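Have a look at the structure below, then the notes.
The values are calculated or read from the model by the stated rules, or taken from the named source; none is laboratory data. Every value quoted in this text rests on a predicted model; they were computed, and no experiment measured them. Reconstructed Cβ throughout: ideal geometry from the backbone, glycine too, with neighbour counts over all protein chains shown.
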Amino acid sequence: MSDTSPPKRIEIARDDGRDVEFEPCITVFTCIYCGYTSADTAGALRLSYPPNIHLVRLPCTGKTDVLYILKAFEEGADGVYVVGCSLGNCHHVRGNERGKARVEHAKKLLDAIGLGGERLEMFFVSGGMGATFARYAEEMTERIRKLGPNPLRAKGTRVAVGDESKP
């Protein structure tokens, strides 16, 4: 699997310590078929979308593990979204439906730990939908800008992915 570390965060501090500008770090899990191809199509069409997204390719969004999502937040992502094939058109039959169920489960976990499920989303596209991919990148960036930095990171805490005290 690719590195899930989000790109470096851009924050400009004022003298009083408050942020003037916040550019969120967003991790995007894509399937290698429609999800990644739509990102590639956006580039081929020279469509601009925010440079703050970090793509992680998976064989299928059905392979999106809740731990991958939590790990992205633990490593500093302010938001995460998953991009898969259109419903009913998955190259792995129902993989995108499994991915959708896992994303919904992860949203509930994020709400329970205080991070907020609204920092996570799933989108469905076909490979030729470059403009749609770019629009989703813009929408998520704006959503996360409004929510602000990852609150767990801001508090100096980390999401517990596993209990490291056990052998």
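Select from the range 113-135 the residues that are outside any helix (DSSP H, G or I) and surrounded by fewer than 17 Cβ atoms within 10 Å (Cβ to Cβ) and list them in ascending order.
Gly114, Gly116, Ser126, Gly128
Might you let me know whether the range 31-47 holds any residue that is surrounded by 14 or more Cβ atoms within 10 Å (Cβ to Cβ) and in a strand (DSSP E or B)?
Checked the range 31-47: at least one residue is surrounded by 14 or more Cβ atoms within 10 Å (Cβ to Cβ) and in a strand (DSSP E or B).
Can you work out which of the residues in the range 148-167 that are in a helix (DSSP H, G or I) and surrounded by fewer than 17 Cβ atoms within 10 Å (Cβ to Cβ) is modelled with the highest pLDDT? Break it down into steps so the answer makes sense when it comes.
Residues of the range 148-167 in a helix (DSSP H, G or I): 151-154.
So of that shortlist, the ones also surrounded by fewer than 17 Cβ atoms within 10 Å (Cβ to Cβ) come out as 151, 154.
On the way: Pro151: 80, Ala154: 54.
It comes out as Pro151.
Out of the residues in the range 124-144 that are modelled with pLDDT of 95 or more and of a type in the set (S, T, N, Q), state the one that is farthest from the chain's Cα centre (by Cα).
The residue in question is Thr132.
Can you tell me which residue in the range 89-112 is surrounded by the fewest Cβ atoms within 10 Å (Cβ to Cβ), limited to those that are assigned to a helix (DSSP H, G or I) and of a type in the set (A, V, I, L, M, F, W, C)?
Ala112
I need a count of the residues in the range 51-88 that are surrounded by 16 or more Cβ atoms within 10 Å (Cβ to Cβ) and without any contact (Cβ under 8 Å) to a residue 12 or more places away in the chain.
Looking only at that region, the number is 0.
Hey, does the range 66-88 have a residue that's at pLDDT below 95, in a loop (DSSP other than H, G, I, E, B) and under 17 Å from Thr132 (Cα atoms)?
Yes.
I need the full set of residues from the range 102-134 which are in contact with a Phe, Trp or Tyr (Cβ under 8 Å, 6 or more places away or on another chain) and without any contact (Cβ under 8 Å) to a residue 60 or more places away in the chain, in order please.
Residues satisfying the conditions are Leu110, Leu115, Arg119, Leu120, Glu121, Phe123.
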